[in-house]
Amino acid sequence: MEEIAKTITIYISHTLEITSAVVIAFALLKLVFNYFQSFLKVKNGLSAMEARMIFGSAVAVSLELLLGADVLATAVAPSWDDIGKLAAIAVLRTGLNYFLEKELKHKKSVA
């Protein structure tokens with residue numbers, strides 16, 4: 001039973017990592033598409049700031065998904081080394097996400 005729980009946890013962790021990559025990929029495609037629309041002066045296109053905010057929001061979601069994936073991957077029989085690495089990753093990703101959200105809120109209030 002424990003082996004099944006470990007296997008399911010690892011699969012969910014990998015699924016979160018793939019989902020995070022897909023979120024970034026779609027956001028990048030949308031950013032490039034909007035960039036070319038603004039470059040070609042297409043009406044009803046997003047401004048550069050709006051496109052950056054959408055991409056930044058996608059990056060924030062992706063960071064949260066990756067942090068969840070790391071927590072799940074470490075939850076399966078962690079060593080002290082794994083816990084230390086998770087702590088460092090959690091601090092870095094949480095810090096990045098905090099400052100990214102702060103920047104997005106600032107840009108939203110300015111716009």
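The values are calculated or read from the model by the stated rules, or taken from the named source; none is laboratory data. None of the values given here were measured: they were computed from a predicted structure. Quick reminder, even Gly has a Cβ in these numbers, built from the backbone with ideal geometry, and neighbours come from all protein chains shown. Each accessible area value is taken on the protein alone, full model and side chains, heavy atoms only, with ligands, DNA and RNA left out. Shrake-Rupley method; radii C 1.70, N 1.55, O 1.52, S 1.80 Å.
There is at least one residue in the stretch 15-38 that is open to solvent by less than 100 Å² (accessible area, probe 1.4 Å), among the hydrophobic types (A, V, I, L, M, F, W, C) and touching a Leu at 6+ places or on another chain (Cβ under 6 Å).
Table: residues versus (1) modelled with pLDDT under 90; (2) outside any helix (DSSP H, G or I).
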residue: D70; (1), (2): no, no
residue: P78; (1), (2): yes, yes
residue: D82; (1), (2): yes, no
residue: K85; (1), (2): no, no
residue: R93; (1), (2): no, no
residue: K108; (1), (2): yes, no
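Within the bounds of the stretch 47-55, is there any residue that is open to solvent by less than 70 Å² (accessible area, probe 1.4 Å) and assigned to a loop (DSSP other than H, G, I, E, B)? Checked the stretch 47-55: at least one residue is open to solvent by less than 70 Å² (accessible area, probe 1.4 Å) and assigned to a loop (DSSP other than H, G, I, E, B).
Would you please list the contacts, defined by Cβ atoms under 6 Å and residues six or more apart or on different chains, that run from a residue in the stretch 9-29 that is in contact (Cβ under 8 Å) with a residue 60 or more places away in the chain to a residue that is buried (at least 18 other Cβ atoms within 10 Å of the Cβ) and not aromatic (F, W, Y)? Matching pairs, first to second residue: T9/L72; I12/L72; S13/A69; S13/L72; S13/A73. In summary, V110 fulfils each of the numbered conditions (1) under 26 Å from G56 (Cβ atoms); (2) of a type in the set (A, V, I, L, M); (3) in contact with a helix residue (DSSP H, G or I) (Cβ under 7 Å, 6 or more places away or on another chain) with the single exception of condition (3).
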